[in-house]
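The values are calculated or read from the model by the stated rules, or taken from the named source; none is laboratory data. Bear in mind the structure is a predicted one, so any value in this text is a computation, not a measurement. Neighbour counts are summed over all protein chains in view; Cβ atoms, including those assigned to glycine, are modelled from backbone coordinates with ideal geometry.
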Amino acid sequence: MSDAVVKRILVVDDEPDVRTYLCTALEDAGFLVETASDGLEALESIRREPPDLISLDLVMPRHSGARLYHELQKDKKLSKIPVLIVTGHARDEMGQADFEEMTMSGPGVYLEKPVRPVSYVSAVRRLLGLENAEPEPAPEGLRRELFQAMSGADQEALRRALDALKKK
């Protein structure tokens, strides 16, 4: 994203580990990331400075993602912000009704937890109209991804990867 304007993403999720995971994926892809732990905190942040995209969990205490989404739709300016639903409750009693309603009348773009960083970043890029631009992952993100891939690889795959690296 070296020539592009840096896009600001608001990640809204009540689980600190999930927020950190999603933030890391986005930051490694070159996005500027802010977080909120529920819909009320997110609404304050959005009104203060609207982000370029909102990554939104549906089931949260105090103020759900569905409720936040409906409030945003009442404001002409805020209703134009792309929203990506990221939920672990699409098929259970905690979130199924909200999920079905959000996919029918809401943004319609969602990922089910657990999400893979590549899929998550790809969905964000698509919603922002950046799908044709190649992301430039930060070296730390590449190292982390490589380490994760290596930890599950067999000896032959590791040998091929090492050979490929030596050829560069």
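I'm trying to understand the selection: among the residues of the range 32-90, which are in contact (Cβ under 8 Å) with a residue 60 or more places away in the chain and outside any loop (DSSP other than H, G, I, E, B)? Explain how you work it out, then say what you get.
As a first pass, look at the range 32-90 and keep what is in contact (Cβ under 8 Å) with a residue 60 or more places away in the chain: 52-53, 55, 86.
Listed by number, the residues that qualify are Leu53, Ser55, Val86.
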Candidates His63, His89 - the one that is at pLDDT below 95, over 17 Å from Val124 (Cβ atoms), of a type outside the set (D, E, K, R) and in contact with a helix residue (DSSP H, G or I) (Cβ under 6 Å, 6 or more places away or on another chain): His63
Condition set in a loop (DSSP other than H, G, I, E, B) and loosely packed, with under 12 Cβ neighbours inside 10 Å, scope the range 132-168, selection modelled with the highest pLDDT: answer is Asp154
If Leu32 satisfies all but one of (1) at pLDDT below 95; (2) within 13 Å of the chain's Cα centre (by Cα); (3) surrounded by fewer than 16 Cβ atoms within 10 Å (Cβ to Cβ), what's the number of the condition it fails? (1)
Residues of the range 37-66 being over 26 Å from Val6 (Cα atoms) and surrounded by fewer than 17 Cβ atoms within 10 Å (Cβ to Cβ), which ones? Pro61, Arg62
Within the range 13-25, residues surrounded by fewer than 21 Cβ atoms within 10 Å (Cβ to Cβ) and of a type in the set (A, V, I, L, M, F, W, C) come out as Val18, Cys23
For Leu10, the lone unmet condition from (1) more than 15 Å from Val121 (Cβ to Cβ); (2) buried (at least 21 other Cβ atoms within 10 Å of the Cβ); (3) out of contact with any Asp or Glu (no Cβ under 6 Å at 6 or more places or on another chain); (4) not acidic (Asp, Glu) is (3)
